[in-house]
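The values are calculated or read from the model by the stated rules, or taken from the named source; none is laboratory data. These numbers were taken from a predicted model, which means no experiment stands behind them. All Cβ positions, glycine included, derive from the backbone under ideal geometry; neighbour counts span all protein chains shown.
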Amino acid sequence: MNELAILTKAMIQERKDIAMAIIGGFIAGIAGVSLFSLSGYLISKTVFAPPLYTLIVLTSLVKILGLLRAASRYAERLYAHRATFSLLSRLRTSFFAKLIPLTPGILGKKRSGELLARIVGDVESLQHYFLRVAYPPIIVVMVFLATVLYTSAFSIWIACLFVVGMLAAAFVVPGLVLLGLRKVHGRVRRQRTVFSTEVTELLYGFRDLKVYGQLNKREEQLQHASSALSEEQQASAVHLLRGQSLHAFVMYLISWGVLVLGAYLIMNGSFAGVFLAMLVMTSLTVFEEAAPMATLPAYKQDSEHAAKRLAETVLAADVQAPQPTAILSGNQAVSLELCGVSFQYEDEWRPALRDVSLHFPAGSKTAIVGPSGSGKTTIIELLLKLRASTSGQIRINDVSIDQLDDASIWQASNVVMQYSHFFRGTIRDNLLLGEERYTDQALSAILDKAQLTNKSLDDAVYEKGENLSDGEKQRIALARAMLRKGRLWFLDEPTSSLDYITERLVFRQLLSQARDDTLILICHRLTGLEEMDRIVVMDHGRIMEAGTYAELMEQKGYFYEMKQIELQMVGEQCEV
Ligand SMILES: Nc1ncnc2c1ncn2[C@@H]1O[C@H](COP(=O)(O)OP(=O)(O)OP(=O)(O)O)[C@@H](O)[C@H]1O
């Protein structure tokens, strides 16, 4: 299977530990079989009252084999788990490295609860591939072959019986388990996805569900999903147990076979009776060693499925063009240009942007206005290379955006999107975001600039900024952007929750800091736009008009209409 090639490649990198695990497992297996067969021989031998030194040698050997088995089993587990953890960390890192550039697209398409459950669960499932699928069969086959060889020295017929047992344990039982598992396992996976989505929806939507009186209904749904998952897991466990029982059945059948065949051969005179107990014990132990074969198909199927889904998630990353190498300099003001750009979201029937051509000269200040859903945010996402345009050309500083390294664009930009994420910690943590290079003095100065005078750096911030008002969140997001030294500003409704006076004060600070930089501001309120070099009006993904505030007011077109409506509404509000 192609998807498992990634795993196989990662396993090759851990070949030393894997080889040690296989050697350890083989020694443990052989020591186990020898230990029990020797015990059987010891029991039979004592009947003939052998000399004391024989018993001493045999019991000492049993003890040594016991110790050897424990020590080598420990070594096997140690190396196997060490290899597994290295493999997993390697896989996680490479998977997330591939995932990051695709995040906006993937998160848009999939429900986050489902995605989270999928990724975490699938990467975890892959550990079974190595621990339970890839290397145990090698040990089982090696131990079996060694045992068959050793048994053939006593009786070729009993050795043949072992081979029959081995084929049944290695192929027939796992085959039967696999047949039943196909149905059961798919249902567990589907139910697990439903369950984790329900949990995420309930946790994230708790407040709204409570306010709208839907909490009980949602909890019932969650209970239902939880019970359904338990039922499916139970069915799957029962099926696996059936496989293990079948394996035990084969083991006892072969042991009985050894007993009956041995008795027959003893009566024939072609086999010495003193070895019978030894071979019975051998058969019991060697099949016990092969017990993981019964559950192997389940883990194999699980790992293959997990690898396939992970590969599907990052498939686009593999077909992406190689990372561009041109770097956007962060030291100079940046010019931006869109030429005939169109963009359509996947699975959407109409384009979000249609044939947009815009030029933002270096150092210019542009406001983009227009009704909700007109495509304003999409323009910023394209310029930040978070999405790729469906057609048309985007150039930054006269270099095609396709040739520019994504990280250098982000590095050169100070961005405030409509919704920013806030981490649990303090205001300081949320300003620094892991960077340590700013002093408390510099951070406090930024808070003042962002008009966040009622907050101190040590004030706590709860998960997702639960204890902050919307206006405070926006000002922290603005302060974050103001801390950066980029020469390109993308501000998507950064002050929509602020009162008029605070908004003006923040803007004054912003415009003074971005005096020589290129700035694009998306806003709904039309007040204060006189200070902008240009205003672009959008509707239905098209540019309706563009010009300075004075020009647009003079044209008495779309912007003028919007302004009149706003003035009317402000007037009505004042009258009320
Ligand atoms: N992730 C997405 N998947 C599919 N369609 C989307 C997605 N994001 C936005 N759209 C659609 O694209 C169009 C433009 O959206 P965009 O967010 O650019 O508008 P906007 O002008 O910024 O709106 P607002 O002022 O409400 O923020 C809308 O019709 C919207 O429904």
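In table form, for the structure just shown:
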{"item": "Sole residue being more than 7 Å from the ligand (Cβ to nearest atom), on the phi > 0 side of the Ramachandran plot and in contact with an Asp or Glu (Cβ under 9 Å, 6 or more places away or on another chain), chosen from Gly340, Gly375, Gly370", "result": "Gly340"}
{"item": "Among residues of the stretch 348-381, those that are of a type in the set (Gly, Ala, Ser) and touching a helix residue (DSSP H, G or I) at 6+ places or on another chain (Cβ under 7 Å), counted", "result": "3"}
{"item": "The stretch 253-270: number of residues that are touching a residue at least 24 places away in the same chain (Cβ under 8 Å) and part of a helix (DSSP H, G or I)", "result": "8"}
{"item": "Out of Glu503, Glu493, sole residue that is among the acidic types (Asp, Glu), over 21 Å from Ala442 (Cβ atoms) and without any contact (Cβ under 8 Å) to a residue 60 or more places away in the chain", "result": "Glu503"}
{"item": "Positions within the stretch 233-266 being exposed (fewer than 14 other Cβ atoms within 10 Å of the Cβ) and among the polar types (S, T, N, Q), in sequence order", "result": "Gln234, Ser245"}
{"item": "Criterion: under 24 Å from Glu503 (Cβ atoms) and basic (Lys, Arg) - qualifying residue of Arg437, Arg428, Arg424, Arg475", "result": "Arg475"}
{"item": "Flag for Tyr462 being away from the ligand (no atom under 16 Å from the Cβ) and over 30 Å from Gln564 (Cα atoms)", "result": "yes"}
{"item": "Qualifying residue in the stretch 383-390 (condition: within 14 Å of the ligand (Cβ to nearest atom) and not in a loop (DSSP other than H, G, I, E, B))", "result": "yes"}
{"item": "Cβ-Cβ under 7 Å pairs, at least 6 apart or on other chains, the stretch 456-480 side at pLDDT below 95, far side surrounded by fewer than 12 Cβ atoms within 10 Å (Cβ to Cβ) and in a helix (DSSP H, G or I)", "result": "Leu457/Asp440"}
{"item": "Residue among Ala311, Ala294 that is in contact with a Pro (Cβ under 7 Å, 6 or more places away or on another chain) and modelled with pLDDT under 85", "result": "Ala294"}
{"item": "Unmet criterion (only one of (1) crowded, with 17+ Cβ neighbours inside 10 Å; (2) outside any helix (DSSP H, G or I)) for Met278", "result": "(2)"}
{"item": "Which numbered condition Thr439 fails, given (1) β-branched (Val, Ile, Thr); (2) within 20 Å of Phe360 (Cβ to Cβ); (3) free of Cβ contacts under 8 Å to residues at least 12 places away in the same chain", "result": "(2)"}
{"item": "Tally of residues being in a loop (DSSP other than H, G, I, E, B) and touching a Lys or Arg at 6+ places or on another chain (Cβ under 7 Å) across the stretch 392-404", "result": "0"}
{"item": "Qualifying residue in the stretch 352-365 (condition: within 16 Å of the ligand (Cβ to nearest atom), surrounded by fewer than 18 Cβ atoms within 10 Å (Cβ to Cβ) and free of Cβ contacts under 8 Å to residues at least 40 places away in the same chain)", "result": "no"}
{"item": "Hey, Ser400 away from the ligand (no atom under 12 Å from the Cβ), more than 26 Å from the chain's Cα centre (by Cα), more than 20 Å from Ile522 (Cα to Cα) and free of Cβ contacts under 8 Å to residues at least 12 places away in the same chain or not", "result": "yes"}
{"item": "Helices (runs of 4 or more DSSP H) (entirely within the stretch 137-218) containing at least 2 residues that are in contact (Cβ under 8 Å) with a residue 60 or more places away in the chain and in contact with a Ser or Thr (Cβ under 9 Å, 6 or more places away or on another chain)", "result": "156-167, 173-204"}
{"item": "The listed residue being farther than 28 Å from Leu203 by Cα, within 16 Å of the ligand (Cβ to nearest atom) and either outside the structural domain of Ser372 (by TED's automatic domain parsing) or touching a strand residue (DSSP E or B) at 6+ places or on another chain (Cβ under 8 Å) (or both), out of Leu457, Leu491", "result": "Leu491"}
